[in-house]
Amino acid sequence: MKDLNTLNFAKTIFALFFIAGSFFLLGALITKKDEFAAAGYMLLILGVPINLLFVLGLVIYGITYQSKLKNALIAVSILSINIPVAIIYTVIGLNIFK
């Protein structure tokens, strides 16, 4: 049951940042307002350290409880999906607001 909680936690964090980034990107694309782009940039600046803290916490959890290491690494890989998405969103945003 704890393994499911770890995976659900990672999925929740992933979804929160993915939805927020998508909201800001779509808002910037649709409205062409700089406020959405600025909010997306702030999400990127604040989201990276926050996600890294979660990744570090999951790795420490996996190392501490060796039996949970596999699930902790799966959770880290779920969180890592946001990296290429954030890069793509950043490139799109920078090309729109040159």
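Among the lysines of the stretch 1-75, pairs that are 8 or more positions apart or on different chains and have alpha carbons within less than 28 Å of each other number 5.
The charge dipole of the chain, taken about its Cα centre with unit charges on the Cβ atoms of Lys, Arg (+1), Asp and Glu (-1) only, comes to about 140 debye. Compared with the dominant Cα axis of the chain, that is its longest principal axis, helix 69-80 is turned about 0°.
Taking all protein chains in place and a 1.4 Å probe, what share, in percent, of the accessible surface of the chain do carbon and sulfur account for? Here carbon and sulfur together make up 77 percent of the probe-accessible area.
The values are calculated or read from the model by the stated rules, or taken from the named source; none is laboratory data. This structure is a prediction, so every number in the text was calculated from the model and none was measured. Quick reminder, even Gly has a Cβ in these numbers, built from the backbone with ideal geometry, and neighbours come from all protein chains shown. Accessible surface is based on the protein model in full, side chains and every heavy atom, while ligands, DNA and RNA are left aside. Shrake-Rupley method; radii C 1.70, N 1.55, O 1.52, S 1.80 Å.
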